[in-house]
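The next block holds one structure in the form of structure tokens; read it before the comments.
The values are calculated or read from the model by the stated rules, or taken from the named source; none is laboratory data. Computed from a predicted structure; not experimentally measured. We place every Cβ from the backbone using ideal geometry, glycine too, and count neighbours over all the protein chains shown. The area values use the complete protein model at the heavy-atom level, side chains included, leaving out ligands, DNA and RNA. Shrake-Rupley method; radii C 1.70, N 1.55, O 1.52, S 1.80 Å.
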Amino acid sequence: MRNFRGLRPIPFVLALALTVAPPATLDAQEAREADDAASGLDIPGGYILPDQAVQDLFATDPNYATLDHMSPDGDHFVIPLSTELGTLAEVGEETLRLGMLEIRARADRPWHLDIYGLYGLRFYSLSERSFTDVDLPAGVYLSDLMWSQDGSRLAFLAHLEERTEVWIADTGDGRVTPAGDAHVISTIGTSSRGQGSAPSRMLQWTPSGSILTLAAPTDRGAAPPAPMLPSGPTIRHTRASATPTRTMPFLLEDAHGAELFEYYTRSQIVELAPGRPARAIGEPGMWESLSLSPDGHHVIGTRLTRPFSYIASYTSFPRVTEVLDVESGEVLATLEERELREGGRGGGPGGGGGGNDPRAWSWRPDGSGIAYLHRAPAGGDAESGEGSDGDEDRPDRIMLLRAPFGDGDAEVVATSDDRISGVTYSADGRHAFADVRRDGDAALVHYGLGGNDPEGHTLVPLHDPGDALELPGDLLTARAGNGIEYAWVSSDGGNAYLRGDGLKEDFRPQPFVDRLSIPDGSTERMFEGSRDSFDQPLVPLDADLERMVVSREGKNTFPDSYLWSRDGGMENLTRNVDPFPQLTAARRIDFEFSRRDGLEIQGRVSLPVDYVEGTRVPAIFWTYPREYRSEDDFDNATIRARNHNAYTNVTWLRWSDIWLTQGYALVYPDIPIVGENYNDYYIANMVDGMYAAMRAVDALGVIDMDRIGHGGHSYGAFATANFLAHTPFFKAGIAGDGAYNRSLTPMGFQAEPRDIWEAPHIYMEMSPFFKADQINTPLLLYHGADDNNSGTYPIQSRRMIQALTGLGKTAALFEYPFESHTPRAIENNLDMWARWIDWFDRYVKGTSEGDARTTTDAGRE
């Protein structure tokens, strides 16, 4: 079935899935029927389908064009086509899970690149106002999109049936050619999570037009076989100091697992060009990232090293960052050696880094060398690199390491009394813009690198980055072909630009672009979005911002990309066709409500597509509680998250407007948990918040409050079970991939920073498992059988259904084969939606058994 993996549009994959859905075996089916008969729930076995309206939504291609990924030539844009779903056959292929890395061993890539993601590309030419489809074969997924330096070609990873290769697409005619015949190793190097928006960490164009990537070493051989017999017991031991860790599945288990991890992540840096054999650069290693210098002579590479850990993810393994000569492969310098980091359970909103080691290594866009940050050493003169007195008084420094990158090749570019969080340079290397921090406040400081401003001066004064309404905007940047970031500067070199979200207290943001005078920090507004739509600047088209590509959308307006000009022009470039007009037209009501402690909270009601004015309809509350230290933190987070002018994109995953086609309204209220130790107030805050939300919804006059259900996924599933245990509000619940017993996550969970020994009463009080006897509402549980999320092992749902069964409650658990934390097989998703709808039709809407909206034979017309 894998031959059909990448076939799109979606209707073909849907049809394929419906014809290959495997029936339950007779014995298993009979056992389930006997079990269901005993319970009285009458739950059909095997895969079932939702009604035709839902199937039609799954069969609709949701892709549309957004012009935000521009080539260096300023004319072409790449438009990735993506899918959220694959087939059960794809999801079910053998997957190795090693140190939280999930690998398809057959093809040496992450598992998700066999299942979902990018499956097609289109180019858009601004000068010709035309689209060109990239000529790709069926059955291929893509990742790591990288423009050539002249913008005429696009390189990407093509994930084929048995291997991954580097391909190149021509913007002129859409034709594709392989960059070489190398078998690419993409297990830890791929940037596929960006789905086309993030620069690749393992594809780099050279100035001559060749490409650097990671390939299978010539000495690779076969994968290490499992030992015939164990060589001894599996041993776990404590550390010399306390080492708290989160609860994670799929960690390394033994020495053989460690050997497999190294085998499948070990790669060789190679140079590829069409018609030439791959040329090896340096020695093989567990290479994780590559970054080529602008002149193409050197590459910064980061690789993993041993020792590995059996209690931490591979992201905690040691790493070495080096500079290699591209021609000879010689290691010229070791920039950083990071040790194994096992401890730390995290928790708590926010976070940050620290330390006095060199950091933030990157190429300067002007080609002058490697930029990095490094605090001055204690004692001595900061400018000379000899340091200063006292740890707190040590200045931060912007550094430059020039070729050949030896100990004597580093120089201090500028110093700051405040901590520097990042630096962005202009393309010509004349300007450095530093983000600095002082006592939690942020500022933007400019340094002239031509010698006229060595001390720097402040362009954007210190401000509170947590105050959403007063944000001045961030430096407007762009990226060169290999992903090197640079600041957008006016043609005369006198101005930079700030791009801001334009957040508003009424949740109708107006994104903006300001011109920022480099000499004096004064600003002039160049662009500001409308009050009546959501307009975002996407890409500037010239140095002086006479023209930009912007997007426009609305609550009931499908998104498009426009050519904006300062003279008032606004030309629709994409003219996207809305694939879901009935959902776009659905009425959406934004409302505010007050908790009894006075906290003002926001929510939204989306009404069914066939809603009749003046009626009350059943509804589904779908929530996900979030934690905040203070009311101000919550207010600012709400302003950032809520957008009354934004379009609601359709998704098949988790909460979705699919409900609106089934006669249900969808209610999505915020459920804030607020306090210094926020989880001390978890139950009280969530119950009070939901009660206030329900009162406000009732007052709208559109919801039948006697017919409401609650749903949630992951931490929202945890909340669902708690709502059913602590309130009488809901007729039924749906909870997916949740963790219900917090004693199984003893070192912290979600944003909880305390362990169970510090706050045992909180762990017990928050755990709905220990309140299962209070759940008197029908509860549908679902869980991915291979859930890869921290803390949400399938055992959580298995023990919950065991408890509910033993207590005589009404509940069902559907465990979906091969799935991780988010179901990806279309068969599983269709089945899931069919069961969700049936469950709520039966227990919320009150539909009779004869009106159940499913068919139990997936193979029939």
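Go through 202-209, 838-845 and give me the packing order, highest mean Cβ count within 10 Å leading.
838-845, 202-209
Less than 17 Å from a label point 7 Å out along the Cα-to-Cβ axis of H457: which backbone N atoms in region 476-494 qualify, by residue?
493-494
Note the angle between two axes, namely the Cα long axis of helix 10-20 and the longest principal axis of the Cα atoms of the chain, as a number of degrees from 0 to 90, rounded to the nearest 10.
Helix 10-20 sits at roughly 50 degrees to that axis.
Quick one: Cα convex hull volume of region 608-712, Å³ per residue?
Enclosed volume per residue, from the Cα hull, is 117 Å³.
Any chance you could run the full-extension gain for H297 through E528? It's 0.36 nm times the residue separation minus the Cα-Cα distance, nm to one decimal.
Taking 0.36 nm per residue and subtracting the Cα distance, the gain is 78.9 nm.
Decide, for region 677-719, between rounded, prolate and oblate: order the square roots of the alpha carbon gyration tensor eigenvalues as a ≥ b ≥ c, take rounded if a/c falls under 1.5, and otherwise choose prolate if a/b is larger than b/c, else oblate.
Oblate shape, in that a/c is at least 1.5 and b/c is the bigger or equal ratio.
Net charge near A278: determine it from the other residues with C-beta under 13 Å of the C-beta of A278, scoring Lys and Arg +1 and Asp and Glu -1.
Working: positive: R276, R279; negative: E165, D181, E271.
Value of the local net charge: -1.
Ordered by packing density, taken as the mean number of other Cβ atoms within 10 Å over each peptide's residues, highest first, how do 181-187, 225-231, 408-414 rank?
Ranking, from highest mean packing down: 181-187, 408-414, 225-231.
Shape call for region 750-802 from the C-alpha gyration tensor, a ≥ b ≥ c root eigenvalues: rounded (a/c under 1.5), prolate (a/b greater than b/c) or oblate?
Oblate, because a/c is 1.5 or more while a/b does not exceed b/c.
Students often forget the sequence filter, so: which lysines lie under 28 Å Cα-Cα from K809 once same-chain residues fewer than 8 apart are removed?
Qualifying lysines at Cα under 28 Å: K731, K771, K845.
Please list, in chain and number order, the residues 5+ apart from L813 or on another chain whose amide H is under 5 Å from its amide H, with Hs placed from the backbone.
L781
If we restrict to alpha carbons, what Rg and Dmax does region 539-661 come to, in Å?
18.6, 55
Would you mind getting me the FRET efficiency between D441 and A198? Use the beta-carbon distance for r and R0 = 35 Å, nearest 0.05.
Efficiency, from the Cβ-Cβ distance: 0.75.
For the pair Q774 and S630, how long in nm is the line joining their label points, each one 7 Å along Cα→Cβ?
Each label point is offset 7 Å from its Cα along the Cβ direction, giving 3.2 nm.
For the chain, what is the largest minus smallest coordinate of the Cα atoms on each principal axis, given in angstrom and ordered from greatest to least?
Cα extents, longest axis first: 80, 67, 61 Å.
Ordered by residue, what ³J(HN,Hα) values in Hz, to whole numbers, does region 587-596 give under the Karplus form 6.51 cos²θ - 1.76 cosθ + 1.60, where θ = phi - 60° and Gly and Pro are x?
Taking θ as phi minus 60°, the curve returns 6, 10, 10, 8, 9, 10, 9, 10, 6, 5 Hz for region 587-596.
For region 514-598, give the percent of accessible area contributed by carbon and sulfur heavy atoms, probe 1.4 Å, rounded to a whole number. Before the final figure, lay out the partial values.
Values: 1640 of 3920 Å².
Carbon with sulfur: 42 percent of the solvent-accessible area.
Helix 826-840 sits at what angle to the longest principal axis of the chain, using alpha carbons and giving 0 to 90 degrees rounded to 10?
Result, in degrees: 50.
Please list, in chain and number order, the residues 5+ apart from M526 or on another chain whose amide H is under 5 Å from its amide H, with Hs placed from the backbone.
V513, D514, R515
Once R0 is set to 35 Å, what does the formula 1/(1 + (r/R0)^6) return for the Cβ-Cβ distance between R479 and A378, expressed as a FRET efficiency to the nearest 0.05?
The computed FRET efficiency comes out at 0.40.
Does region 687-759 come out rounded, prolate or oblate by the C-alpha gyration tensor, with a ≥ b ≥ c the root eigenvalues, rounded set by a/c under 1.5 and, if not, prolate when a/b is larger than b/c and oblate if not?
prolate
Lys and Arg at +1, Asp and Glu at -1: add these up for the other residues within a Cβ distance under 11 Å of L471 and post the number.
Spelling it out: positives minus negatives among the neighbours equals -3.
Taking the simple approach of a point 7 Å from Cα along Cα-to-Cβ for both R129 and T805, what is their distance in nm?
According to this spin-label approximation, the distance is 6.5 nm.
Just to verify a number: FRET efficiency for I235 and S328, C-beta to C-beta distance, R0 = 56 Å, to 0.05?
0.80
Going by amide H atoms built from the backbone, whose H comes under 5 Å of the H on A414, apart from near neighbours?
Residues meeting the criterion, in which the H sits 1.01 Å from N, are I398.
In sequence order, what are the phi-derived ³J(HN,Hα) couplings for region 430-445 according to the Karplus relation 6.51 cos²θ - 1.76 cosθ + 1.60 with θ = phi - 60°, rounded to whole Hz, with x for glycine and proline?
Here the 3J(HN,Hα) series is 8, 10, 10, 10, 10, 8, 10, 10, 9, 6, x, 8, 10, 8, 10, 10 Hz.
What are the lysines whose alpha-carbon lies under 25 Å from the alpha-carbon of K504, with same-chain residues fewer than 8 places away excluded?
K504 reaches K555.
Return the sequence-ordered ³J(HN,Hα) values of region 457-464 in whole Hz as given by the Karplus equation 6.51 cos²θ - 1.76 cosθ + 1.60 applied to θ = phi - 60°, using x for Gly and Pro.
My calculation for region 457-464 gives 9, 7, 9, 10, x, 4, 8, 7 Hz in order.
How large is the helix-only mean residue ellipticity at 222 nm for the chain, computed as the sum of -39500 (n - 2.57) over DSSP H runs with n ≥ 4, divided by its residue count, in deg cm²/dmol to the nearest 500?
The helix contribution divided over the chain gives -4500 deg cm²/dmol.
Below 11 angstrom from the Cβ of G493, what's the summed charge of the other residues (Lys, Arg +1; Asp, Glu -1)? Before the final figure, lay out the partial values.
On the way: positive: R430; negative: D428, D492.
Around G493, the surrounding residues sum to -1.
With a cut-off of at most 15 other beta carbons within 10 Å, and DSSP calling the residue loop, which GluC sites (Glu not before Pro) in region 69-165 qualify? Please list them.
Listed in order of number, the matching sites are E94, E128, E161, E162.
Residue separation times 0.36 nm, minus the C-alpha to C-alpha distance between R419 and F591: what's the value?
Length difference between fully extended and current span is 57.8 nm.
With only alpha-carbon pairs counted, each pair once and no self-pairs, how large is the Kirkwood hydrodynamic radius of region 523-600 in angstroms? The partial results should precede the final answer.
Details: mean 1/r = 0.0666 Å⁻¹.
Hydrodynamic radius (Kirkwood, Cα pairs) of region 523-600 is 15.0 Å.
Using the Kirkwood formula over every pair of different C-alpha atoms, what hydrodynamic radius in Å results for region 629-778?
16.8 Å
Viscosity 1.002 mPa s, temperature 20 °C: give me the Stokes-Einstein translational D for region 84-205 in µm²/s, with Rh taken as the Kirkwood radius over C-alpha pairs.
Working: Rh = 15.0 Å.
For the chosen part, D equals 143 µm²/s.
Please report, in Å, the Rg and the Dmax of region 732-831, where both are computed over Cα atoms only.
When restricted to the Cα atoms of region 732-831, Rg and Dmax are 14.1, 44 Å.
Keeping every protein chain in place, order D590, D357 by accessible area at 1.4 Å, biggest value first, i.e. largest first.
Working: D590 40, D357 110 Å².
Correct descending sequence by accessible area is D357, D590.
Rank these by accessible area, largest first, 1.4 Å probe: H76, H713.
The ordering from most to least exposed comes out as H76, H713.
Helix 682-700 versus the longest principal axis of the chain: what is the Cα-based angle in degrees, 0 to 90, to the nearest 10?
Once rounded, the angle reads 70 degrees.
DSSP loop (so not H, G, I, E, B), at most 16 other Cβ within 10 Å: list which GluC sites (Glu not before Pro) in region 603-709 pass both filters.
Within region 603-709, the qualifying GluC sites (Glu not before Pro) (loop, at most 16 other Cβ atoms within 10 Å) are E613, E676.
How would you order 819-826, 500-507 from highest to lowest mean count of nearby Cβ atoms within 10 Å?
Taking the mean over residues of other Cβ atoms within 10 Å, the ranking is 819-826, 500-507.
Please give the length that would be gained between S208 and A242 if that part of the chain were fully extended, namely 0.36 nm times their separation in residues minus their C-alpha to C-alpha distance (nm, one decimal).
The span from S208 to A242 would gain 7.0 nm if fully extended.
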